[in-house]
Amino acid sequence: MAWQGSTRRSRLPKNWPLLRRKVLRRDNHVCQNRFSEGQLCGREATEVDHIEPGDNHSMANLRALCTWCHARKSGSEGGRAAARMRVRTERPKQTHPALED
């Protein structure tokens, strides 16, 4: 489940259901994701996405997305966040055995 272990839902504003309906209506229930070629996805949108992740719930930062595009975007954001949390360690540089004296 997407919300399992997340604190995101508790950080949504109290009027989130109203904001969600407004965004879906504004975007005509059409996915607003643009692919790398610039083409609009155009599938039926059932989810609302924060363009810039965080707690900015303004209409300018919200858009309608289909389930597939939203899951893809959320997954990549989660992957980037996890990568930032990883501890980086450097291994000692080894010389090739044939070059050792």
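Using θ = phi - 60° and the Karplus relation 6.51 cos²θ - 1.76 cosθ + 1.60, list the HN-Hα couplings for the range 39-48 in order, rounded to whole Hz, with x at every Gly or Pro.
Couplings: 6, 6, 4, x, 6, 5, 8, 10, 10, 10 Hz.
May I ask you to derive the FRET efficiency for Leu19 and Arg91 from their Cβ-Cβ distance with R0 = 41 Å, giving the value to the nearest 0.05?
Once the sixth-power term is evaluated, E becomes 0.25.
Given 0.36 nm per residue, what is the gain on full extension from Thr7 to Ser58 after removing their alpha carbon distance, in nm?
16.4 nm
Give the residue from Trp16, Cys69, Ala45 lying farthest towards the positive end of the charge dipole for the range 12-84; charges sit on Cβ (+1 for Lys and Arg, -1 for Asp and Glu) and the dipole is referred to the Cα centre.
It is Trp16, whose Cα lies furthest towards the positive end.
Add +1 for every Lys or Arg and -1 for every Asp or Glu among the other residues with Cβ under 10 Å from the Cβ of Leu65, and state the total.
+1
Using a 10 Å cut-off on Cβ atoms, rank the peptides 30-41, 87-98 from the highest mean neighbour count down.
So the order, starting with the most tightly packed, is 30-41, 87-98.
Summing -39500 (n - 2.57) over the DSSP H runs of n ≥ 4 in the chain and dividing by its residue number, what mean residue ellipticity at 222 nm do you reach, to the nearest 500 deg cm²/dmol?
Taken over the chain, the calculation gives -10500 deg cm²/dmol.
Just need the relative contact order of the chain here, percent rounded to a whole number, with Cα pairs under 8 Å and 6+ apart.
For the chain, the relative contact order is 21 percent.
In the chain, what cysteines have no partner Cβ closer than 4.7 Å?
Those would be Cys69, since no other cysteine Cβ in the chain comes under 4.7 Å of theirs.
Collect residues whose amide H, placed 1.01 Å from N in the peptide plane, falls under 5 Å from the amide H of Leu62; neighbours closer than 5 in sequence don't count.
It is Ile51, by chain and number.
So if I place +1 on the C-beta of Lys and Arg and -1 on the C-beta of Asp and Glu, and nothing else carries charge, what would the dipole magnitude of the chain be about its Cα centre? I want it in debye, nearest 20.
Dipole size: approximately 580 debye.
Mind computing the radius of gyration and Dmax over the alpha-carbon atoms of the chain? Å is fine for both.
When restricted to Cα atoms, the chain yields Rg and Dmax of 20.5, 73 Å.
Read-outs: derived from the displayed coordinates by stated rules, not from any lab. Everything numeric in this text was worked out from a predicted model, so none of it was measured. Here the Cβ is made from the backbone with ideal geometry for all residues, glycine too, and neighbour counts use every protein chain on show.
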